[in-house]
1. Just want to confirm a number: the relative contact order over segment 27-67, from Cα pairs under 8 angstrom separated by 6+ residues, in percent.
2. For the residue pair E7 and R89, what label-to-label distance in nm results when each label sits 7 Å from Cα along the Cα-to-beta-carbon direction?
3. What does the charge add up to near R54, with Lys and Arg as +1, Asp and Glu as -1, over the other residues with Cβ less than 11 Å from its Cβ?
4. Add +1 for every Lys or Arg and -1 for every Asp or Glu among the other residues with Cβ under 13 Å from the Cβ of V70, and state the total.
Amino acid sequence: MADFPVERAVRRSIDGVAVLVAREKGDTVHVLADGCSHLGGPLSEGTISDGCVRCPWHGSVFRLADGWNVRGPVTAPQPAFDARVTDGRVEVRLRHLKPEVGPHRTDAA
C-alpha cells in the first residue's frame, strides 16, 4: 500500500491495461481505466478532489467510487474496477454493469 499515496492518482498496468489507482484515507482503493472516455486523456495525471478525479486535458470529472461522469465535456462514465486490499496487496477485477430491472418499453410513432 505504500506505493499508493493517500488522495493522489497513480498509474499502473493490469494485463497491459493502463489504470488509475487512487487511495483514500483508511486504505480504501479505487481503480478506473486511465484513458479518459472523452478523448483518452491520462486521468492518472489529473487532480483528486472530493472523491473525484479531474481529467487534465479537458476537465471532465469522474467519481472514483464508480466512474460516473460528474461533469463534462465527457458524456459517458469511465470504466471502473472492483478493488480490495488483501495482505497489503491491491486485487482488482473489472466491474460489470448491472442490467436494468423491469420491462423495456419502446414507443413507436
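The numbers here are math on the coordinates, done by the rules we state, and not lab data. Source: prediction; values computed, not measured. Every residue, glycine as well, gets a Cβ built from its backbone with ideal geometry; the counts of neighbours run over all protein chains shown.
1. With pairs under 8 Å counted, the relative contact order is 30 percent.
2. Taking the two extended label points, one gets 3.0 nm.
3. With Lys, Arg at +1 and Asp, Glu at -1, the net is -1.
4. +1
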